[in-house]
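Asks: Questions regarding the structure given below will be posed in turn.
The values are calculated or read from the model by the stated rules, or taken from the named source; none is laboratory data. Everything numeric here is computed off the predicted structure, so don't read it as measured data. Don't worry about glycine lacking a Cβ; one is built from the backbone with ideal geometry, like all the others, and counts go over all protein chains shown. In case anyone asks, the SASA skips ligands and DNA or RNA and just uses the protein heavy atoms, side chains included. Shrake-Rupley method; radii C 1.70, N 1.55, O 1.52, S 1.80 Å.
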Amino acid sequence: MLPWLARRRRSLLAALLLACCTVAAGVGLLSVAGWFLTAAFLAGAKLAFDLFAPSALVRGLAMARIALRYAERVTGHGATLDLLADMRTAVFGAIMRLSPAQLAGYRDGDLVARLAGDIDALDTLYLLVIVPALTALALGGGFSLITGAWLPPAGWLVLAAMLVAACVVPYCLARAAGASGRRAQEAASAARAFVHEAVQAHADLAAFAAEPRADARFGDAVRSLANARDSVAAAGSAGQFAQQLIMGGCLAGLLWLGLDAFRAGALDGAVWAGLVLGLLALFEVLGPLMRGAARLGTAAAAGARVSALLHEPPAVADEPEVRALPPHGALQASGLEYSYPGAARPVLAGLDLRVGPGERVGIVGESGCGKSTLLALLMRIHDPSAGAISYGGVPIRLAAQRELHARCTLLSQHSPVFMGTLRSNLLLGDPQADEARLWQALQQARLADFVRSLDHGLDTWVGEAGRLLSVGQARRLCLARAILAPAAVWLLDEPTAGLDEQAQQAFFGDLGRAAAGRTVVLATHARLPAGAVDRVLRLEGGRLHSC
Amino acid sequence: MAEPDGGTQAAAGARPAARWLAALARLPRAAMAWAVAAPLLAGLLLLPQAWWLARVLGGSVAGSGPAAAGPWIAAIGGMVALRAAIAWSGERAASRAAETIKSWLRRKLFAAMLSRGPQWTRQKASGELSSLVIEQVEALDGYFSRYLPGAIAAVFLPLAFGLVLLPVDWIVALIALLSAPLIPVFMALVGWGAEAASRRHQLAMARLSGFFADRVRGAQTLKLLGRAESETAAVGAASADLSRKTMAVLRIAFLSSAVLEFFAALGVAGVALYVGLGYLGYLHLRSEALGLPLGLFCLLMAPEIYNPLRQFAANYHDRAAARAAVDCLAAVFGALPDPRRRRAPAAGPAASAAQSLPEHEAARVTCEQAPRPEAFQPEALSTGASLRAAAGTTGAPYAAGGSSAESPSGNEQAAPRPLAVEVRGACLQVPGRAQPVLCDLSWSLAPGASLALMGHSGAGKTTLLEALAGLRPLDTGAILLDGRGLDIWPADELRRAVTLIGQRPFVLPGSVADNLRVADPAATAEDLLGALDAACAGEFVRALPQGMDTQLGLQGYGLSGGQLQRLALARLFLTRPGLILLDEPTASLDPHSRDRVMDNVLRFAAGRTLIVATHDPEVSARLDGSLVLPQGGGQA
């Protein structure tokens, strides 16, 4: 959290300073007013009284307070919001660094919750905790000094009361509400992920009449969320209660001590009145602090969840010194071994493969035999447990991932369609592609006729995850996107899944021309027509065999 | 997709939103009543507290105070404590009331979402919907826990304080009574802007959530396409845009509280100067001089007159936020749950939907349970029979009663009966496409027969299967199962009778067993293993680290596409339908696995009606007949 605060320190400090001035103006206004009123009564006759200074002070403080308050709020909230936007960008960047295996450890609704809800919960920290606490301490210190100048015991009393009210009570509150705050944050995230999954699995839920069960489970999630939030609110209310009690005690003490001093002639009556009224104004600053402290548990939990994500080291990282990849070259894998965590036997066991520049290789094999895993290793989505992969003679472990991804493009089985239009999805493959290039890719992916039949053509909205397209159409859109990427190597995993036989054969028949000299590694179950690829390899028992 | 499809509802204005919020507030009646009463009571008790304080302080200084000040000081402390206790219990009640309302609403919205059917959710972004149900509903919190209690206090307390001050000093009372009513006028002006800005902001927030969800889901793909940096920048831009929008809301909201600060400060300064100048003899507006205790009392009460209003102003954007949230909810959900019809949650989603959707939705749901139209039924039966004869799908294994396909578990329901299927002039439009996906399609299938549904991808195979399962209403035409129109099948009976295994099986986070039990929550481990074996998934599931208890991560990470598909297919063998609908069950299987899977499917389908959408001629060859859907939805 600290580095983030440091980045925005100027506006944050400005907000803090403005907050102090605002409270000072408020306390000053009531003090001066009380003092002026009493002093005027005691003076009785106008001759003995300098009227100008106090009345100007009262008016000036009143105006200053309005302006300061507005400026403080705008600055404080503006700075906080900027801070949250910074964090959101950083967290998204962190998500992008993680490997699929790492991402699979999070529910995707949960990742969204971290990006949205958790980061929002952090705004409590500065606006409701740091600023009021510092303001209360600064103003409380100043006020107790002034009080102490006339009435030393009362000065100590005010100082002690402010320390308890601004530090001890919030600390206890934060501890008391910490657990429920964490629960609230987790419950909110769980409920959110639950909705998320219900939306995505809606067709399955409906088809199996599982809605009542989902409904009941959601009810439980909502109930625990409500309980946790209510506990947080309870702590906040308890804090307000404690603050009022401290204020009452402090007020009674100031009255009692002041009365003794006044009767003893040690304290001016007008000053006494000014101090009492100022004290009432001073305690106003503590209200937000109590609410903030009660929510500190939530903020801490949110902070921990965000920072866990920020600090998770990526499973696949670039070496400090990267080597440049040649623009073209052979793709070579030797002795590749890989097993999924916890799996009984490895998927790949000593696999060797060499694909020359411009060569097209088909890989077949039973489903689950490791074809997709091989393509993922070639793309360096994971690192193999043994063996090495090189491109143009350079080990891909030593290359920058960015450069490797520019050389090779992968159409995976899980490639998603993104929310947006057909065009925006295609442009992800190549932002510079012109209209003709887009249509060419659509043609190669056998999707052009369909797009031409749409009202809005390329600008048709495809819905989230392409849910407004058929599975086959979504698949072909991903294929077109992969084809658009200006890469020298195409790694295609079941590119024709969802195509009918005729279209499938047409795609394969056209593959040689479409690839235009690119290297192609193609994993498929489909029958490959003659000339589609240069050779076909069978993946079995973790190794490749020619067939 | 964030395009509000019920925009007219939102545009209807603030009045329905306000009425609906007021009706919601009546859900937890007792708690809400105390939440509103407590601040009033605590506020009124301020009067004696301030008077005692003024008397001790002013009286002592002026020499007219009580001789023994001790009890008075103790009384002041006690009154502060009593008021704090009342405020505390009021806050507790408000919080409980708000939580009750939010929980109720969340459950209703969730049920409404489920009851709309997958076609409805498919057009929304899941991140957006979850943001609506969690965050937007949370935006109502401040309305019930702060705004409403504060609003009542803000109306009555300044008035009460003004009236008390009237006999003390009419000018001070006049300052209070005149400036106070001006405040709501200013705030209404400011409030309009705040509400519009708030609505814009919340829409942006919901869209941003949808955007995040979408990009997070495809994070890996974006990275592989080299878009990591540009997408991170896009997220940064979207967040910065959101904070700009939020600031626009806040600037206005703070302006409304600045107006109040202005009056409050003016009131304090005015009272201090007026009373002080009176003491000094500059002002002769009253016949007799005001005593110091009364003067101090006026000064003490001056900020308090404005305090409830300041509190109110601070909470005013809670109201704007709540109303904007209501608009967002209404824009997406259309009709909102009706709090006036509160009953114990009904058993099924259909029943709860009927109570939660007061308007057109309720009509649709209840007509499902309506008695069948007399005139329609016999005709449906007879044409069903005649078309069946004409369909030409002969040689269907017609195992009446289906007792041969009896599974050992779960005999509480009647044995499945193969269903006759008839489609009459079906037309189906999909948003965004010029031509209907299906147009005037008519065919029928005898009970127990099997059919391959073929055609180009995008020809409407999936759409037709979903329509047959009752998940997608037809635009025109009718689907009859067993001679009964789909619209008059009771929903739960239909679900039991028809099993659809979709093409995009969604893997829920949880174990393999959890995922299978979606189909039958009561299935034993043996049932599950049997089903997995039937789907040729037993082998690889047993090889997983914890077998069926292995947790599946995001989108089934670690399993290949074909394995996931077989896992989804295993669910079929846990159901006992009369009609089986399979969407590309073998699409990512190798030929060997495909043949084994089809063997088991056909064995299971004996005595049931089976429809398989497929591209694979080998699969289609094993079924009784085939139907090729033409591209562009022409005549079948």
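Asks: Given the options A:Leu447, A:Leu458, name the one that is surrounded by fewer than 20 Cβ atoms within 10 Å (Cβ to Cβ), hydrophobic (A, V, I, L, M, F, W, C) and out of contact with any strand residue (DSSP E or B) (no Cβ under 6 Å at 6 or more places or on another chain).
Replies: Criteria check complete, one pass: A:Leu458.
Residue-by-condition table, conditions (1) without any contact (Cβ under 8 Å) to a residue 12 or more places away in the chain; (2) assigned to a strand (DSSP E or B); (3) assigned by TED's automatic domain parsing to the domain that holds A:Leu411:
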| position | (1), (2), (3) |
| --- | --- |
| A:Glu319 | no, no, no |
| A:Leu336 | no, yes, yes |
| A:Pro341 | no, no, yes |
| A:Thr373 | no, no, yes |
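Asks: To continue, here is another question. If I ask for residues that are within 14 Å of chain B (Cβ to nearest Cβ), under 30 Å from A:Ala526 (Cα atoms) and not aromatic (Phe, Trp, Tyr), which ones from the range A:317-364 would you list?
Replies: A:Ser339, A:Pro341, A:Ala343, A:Ala344, A:Arg345, A:Pro346, A:Val347, A:Leu348, A:Gly362, A:Ile363, A:Val364
Asks: Tally up the residues in the range A:118-141 that are in contact (Cβ under 8 Å) with a residue 60 or more places away in the chain, among the small types (Gly, Ala, Ser) and either open to solvent by 10 Å² or more (accessible area, probe 1.4 Å) or closer than 14 Å to A:Leu12 by Cβ (or both), please.
Replies: Selection size over the range A:118-141: 3.
Asks: Would you call B:Ala74 surrounded by fewer than 21 Cβ atoms within 10 Å (Cβ to Cβ), at pLDDT below 90, within 8 Å of another protein chain (Cβ to nearest Cβ) and in contact with a helix residue (DSSP H, G or I) (Cβ under 9 Å, 6 or more places away or on another chain)?
Replies: It is false that B:Ala74 is surrounded by fewer than 21 Cβ atoms within 10 Å (Cβ to Cβ), at pLDDT below 90, within 8 Å of another protein chain (Cβ to nearest Cβ) and in contact with a helix residue (DSSP H, G or I) (Cβ under 9 Å, 6 or more places away or on another chain).
Asks: Which of the residues belonging to the range A:62-82 are at the interface with another protein chain (Cβ under 8 Å from one of its Cβ atoms) and surrounded by 19 or more Cβ atoms within 10 Å (Cβ to Cβ)?
Replies: Correct list: A:Ala62, A:Arg65, A:Ile66, A:Arg69, A:Tyr70, A:Arg73, A:His77, A:Gly78, A:Leu81, A:Asp82.
Asks: For A:Asp50, state whether it is acidic (Asp, Glu), surrounded by fewer than 23 Cβ atoms within 10 Å (Cβ to Cβ) and facing another protein chain (nearest Cβ under 8 Å).
Replies: no
Asks: Shifting gears a bit: Of the residues A:Arg217, A:Arg223, which is more than 27 Å from A:Thr22 (Cα to Cα), more than 7 Å from every other protein chain (Cβ to nearest Cβ) and assigned to a helix (DSSP H, G or I)? Before you say what the answer is, go through the steps one by one.
Replies: Numbers: A:Arg223 fails: more than 7 Å from every other protein chain (Cβ to nearest Cβ).
The conditions single out A:Arg217.
Asks: Also, quick follow-up: So A:Ala210 passes all but one of these: (1) open to solvent by less than 10 Å² (accessible area, probe 1.4 Å); (2) more than 34 Å from the chain's Cα centre (by Cα); (3) within 7 Å of chain B (Cβ to nearest Cβ). Which condition number does it fail?
Replies: With respect to (1) open to solvent by less than 10 Å² (accessible area, probe 1.4 Å); (2) more than 34 Å from the chain's Cα centre (by Cα); (3) within 7 Å of chain B (Cβ to nearest Cβ), A:Ala210 is out only on (2).
Asks: Go through B:Gly117, B:Gly90 for me and flag whichever is in contact (Cβ under 8 Å) with a residue 60 or more places away in the chain and in the same structural domain as B:Arg146 (by TED's automatic domain parsing).
Replies: Values: B:Gly90 fails: in contact (Cβ under 8 Å) with a residue 60 or more places away in the chain.
None of the others qualify; the one that does is B:Gly117.
Asks: Taking the options A:Arg481, A:Arg452, A:Arg437, A:Arg423, name whichever one is surrounded by fewer than 24 Cβ atoms within 10 Å (Cβ to Cβ) and under 29 Å from A:Val355 (Cα atoms).
Replies: A:Arg437
Asks: Another one. Which of the residues belonging to the range B:191-230 are over 19 Å from A:Phe418 (Cα atoms) and at the interface with chain A (Cβ under 10 Å from one of its Cβ atoms)?
Replies: none
Asks: A follow-up question, please. Hey, can you tell me all the residues within the range B:566-609 that are in contact with an Asp or Glu (Cβ under 7 Å, 6 or more places away or on another chain) and more than 17 Å from A:Ser367 (Cα to Cα)?
Replies: B:Leu574, B:Thr575
Asks: What residue, of B:Ser198, B:Ser209, B:Ser179, is closer than 30 Å to B:Leu242 by Cα, of a type in the set (Ser, Thr, Tyr) and at pLDDT below 75?
Replies: Only one candidate qualifies: B:Ser198.
Asks: Against the condition assigned to a loop (DSSP other than H, G, I, E, B) and either in the same structural domain as A:Val347 (by TED's automatic domain parsing) or within 22 Å of A:Gln413 (Cβ to Cβ) (or both), how does A:Gly509 come out, does it pass?
Replies: no
Asks: Enumerate the helices (runs of 4 or more DSSP H) found wholly within the range B:456-573, keeping only those where 2 or more residues are within 22 Å of A:Tyr340 (Cα to Cα), under 27 Å from the mean Cα position of the chain (by Cα) and of a type outside the set (Lys, Arg).
Replies: B:512-517
Asks: If you don't mind, another one. Within the range A:406-414, does at least one residue satisfy the condition of being within 11 Å of another protein chain (Cβ to nearest Cβ), open to solvent by 10 Å² or more (accessible area, probe 1.4 Å), assigned to a helix (DSSP H, G or I) and not aromatic (Phe, Trp, Tyr)? Steps first, please.
Replies: Restricting attention to the range A:406-414, the residues satisfying the condition of being within 11 Å of another protein chain (Cβ to nearest Cβ) are A:406-414.
Filter again for open to solvent by 10 Å² or more (accessible area, probe 1.4 Å), leaving A:406-407, A:410, A:412-414.
Within this subset, residues satisfying the condition of being assigned to a helix (DSSP H, G or I) are A:406-407.
Now drop any that are not not aromatic (Phe, Trp, Tyr), which leaves A:406-407.
Yes, the range A:406-414 contains at least one residue that is within 11 Å of another protein chain (Cβ to nearest Cβ), open to solvent by 10 Å² or more (accessible area, probe 1.4 Å), assigned to a helix (DSSP H, G or I) and not aromatic (Phe, Trp, Tyr).
Asks: Restricting the range B:538-560 to residues that are surrounded by fewer than 20 Cβ atoms within 10 Å (Cβ to Cβ) and touching a Ser or Thr at 6+ places or on another chain (Cβ under 7 Å), which is modelled with the lowest pLDDT?
Replies: Of everything passing the filter in the range B:538-560, B:Gln551 is modelled with the lowest pLDDT.
Asks: Hey, another quick one. Would you be able to tell me the number of residues in the range B:119-140 that are more than 7 Å from chain A (Cβ to nearest Cβ), over 11 Å from the mean Cα position of the chain (by Cα) and open to solvent by less than 10 Å² (accessible area, probe 1.4 Å)?
Replies: Total satisfying the criteria: 1.
Asks: While we're looking at this one, here's another question. A:Ala474 - would you say it is in contact (Cβ under 8 Å) with a residue 60 or more places away in the chain and not aromatic (Phe, Trp, Tyr)?
Replies: Against the criterion (in contact (Cβ under 8 Å) with a residue 60 or more places away in the chain and not aromatic (Phe, Trp, Tyr)), A:Ala474 does not qualify.
Asks: Which of the residues spanning the range A:83-105 are outside any helix (DSSP H, G or I) and more than 7 Å from chain B (Cβ to nearest Cβ)?
Replies: A:Leu98, A:Ser99
Asks: In the range A:382-404, what residues are surrounded by 21 or more Cβ atoms within 10 Å (Cβ to Cβ) and either within 14 Å of another protein chain (Cβ to nearest Cβ) or part of a helix (DSSP H, G or I) (or both)?
Replies: Listed by number, the residues that qualify are A:Ile396, A:Ala399, A:Gln401, A:Leu404.
Asks: Looking only at the range B:604-620, filter to residues that are in contact (Cβ under 8 Å) with a residue 24 or more places away in the chain and part of a helix (DSSP H, G or I); which one of those is surrounded by the fewest Cβ atoms within 10 Å (Cβ to Cβ)?
Replies: This residue is B:Glu618.
Asks: Can you report the number of residues in the range A:197-207 which are open to solvent by 10 Å² or more (accessible area, probe 1.4 Å) and in contact with a Ser or Thr (Cβ under 6 Å, 6 or more places away or on another chain)?
Replies: 1
Here is a yes/no grid of residues against (1) more than 12 Å from chain A (Cβ to nearest Cβ); (2) modelled with pLDDT under 85:
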{"position": "B:Gly402", "(1), (2)": "yes, yes"}
{"position": "B:Ser409", "(1), (2)": "yes, yes"}
{"position": "B:Ala415", "(1), (2)": "yes, yes"}
{"position": "B:Leu419", "(1), (2)": "yes, no"}
{"position": "B:Arg433", "(1), (2)": "no, yes"}
{"position": "B:Val437", "(1), (2)": "no, yes"}
{"position": "B:Ser444", "(1), (2)": "yes, no"}
{"position": "B:Ser457", "(1), (2)": "no, yes"}
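Asks: Looking only at residues in the range A:437-491 that are basic (Lys, Arg) and part of a helix (DSSP H, G or I), which one is farthest from the other protein chains (Cβ to nearest Cβ)? It would help to see each step written out before you state the result.
Replies: Within the range A:437-491, the first condition is being basic (Lys, Arg), and the residues that meet it are A:437, A:446, A:452, A:467, A:475-476, A:481.
Now narrow it down to the ones that are part of a helix (DSSP H, G or I): A:437, A:452, A:475-476, A:481.
Details: A:Arg437: 15, A:Arg452: 10, A:Arg475: 8, A:Arg476: 8, A:Arg481: 7 Å.
Per the criteria, the residue is A:Arg437.
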